[in-house]
Amino acid sequence: GCAQDTWSWDGASWLLHSQTASAPTARSQTQLVSDGLTKRLKLFGGKCGTTSFNDVWDIGVFVVARFANYGNGCPPLSGILPTLNKAPGTSSRSGDTLGIRLANLPAVLTIALPFFGYNRSSWNGLPLPLDLTVFGMPGCTLWAELLSSGVVVAFTGSADWLLPIPTDPFLLGTSLYFQAVVLDAQAGNAQGAVMTNAARVVIGN
């Protein structure tokens, strides 16, 4: 039959996008390509019943900003697992500021090293997730590529890492993968550090 709906796939699930008044009419047998430079879709032609189309459409698809946790952290000797989540009131929309909240940290001066990358399947030639036992952190796992990092100092058991998201159409739909190392004298391992869970962030508009 003839369809007029638009869907996107984020690697885990399908999302139905709402239609606009300027959307192409319902059709089948059309050609659709993605323009990697403009992050837009180009649609050409198609048919519906006895009607043939010879039109070209330039389509901008709304990308939903997303934040989803995955993986597990590793607890220090206290048994309190440090966590990584999105800070309330922030988002990964283009032009906004994304806040990464580190919580369940020791209630003393604590240094954490949050980091992110574009990959959750490999880092520096090593497959992810990576068991960190050989690096002196038994029970801990590296879930995200370590490409860019920051430093967060916490005094009361939690702190936020703020990241401005550039207003750049080329970034729409980009996935970032976050995790953090927490320095803890009670870590109970050779590195004196534990890991948080990880999170996948999608930049939207």
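Along the Cα→Cβ direction, 7 angstrom out, place labels at L109 and F155. What is the inter-label distance in nm?
Placing both labels 7 Å beyond Cα along the Cβ direction yields 1.0 nm.
Lys and Arg at +1, Asp and Glu at -1: add these up for the other residues within a Cβ distance under 15 Å of D58 and post the number.
Charge balance in the 15 Å sphere: +1.
What net charge is computed for the residues neighbouring F178, neighbours being all others with C-beta under 13 Å from the C-beta of F178, Lys and Arg scored +1, Asp and Glu -1?
+3
With a 1.4 Å probe and all protein chains left in place, how much accessible area per residue does the chain have, in Å²?
55
Which order do the peptides 51-62, 81-92 take when ranked by the mean count of other beta-carbon atoms within 10 Å per residue, highest first?
Ranked from most to least packed, the peptides come out as 81-92, 51-62.
Where the accessible area of the chain is counted over protein heavy atoms with a 1.4 Å probe, how much of it, in %, is carbon and sulfur?
It is 59 percent, rounded to a whole number.
Over the heavy atoms of R93, what accessible area does a 1.4 Å probe trace out, to the nearest 10 Å²?
The accessible area comes out at roughly 110 Å².
Treat the chain as a sphere of radius equal to its Kirkwood radius over Cα pairs and apply Stokes-Einstein at 37 °C in a medium of 0.692 mPa s; give the translational diffusion coefficient in µm²/s, rounded to a whole number.
170
The values are calculated or read from the model by the stated rules, or taken from the named source; none is laboratory data. All figures in this text were calculated on a predicted structure; none of them were measured in a lab. Note that we place each Cβ from the backbone using ideal geometry, even for glycine, and neighbour counts take in every protein chain shown. Heads up: the accessible areas ignore ligands, DNA and RNA and are worked out on the full protein's heavy atoms, side chains in. Shrake-Rupley method; radii C 1.70, N 1.55, O 1.52, S 1.80 Å.
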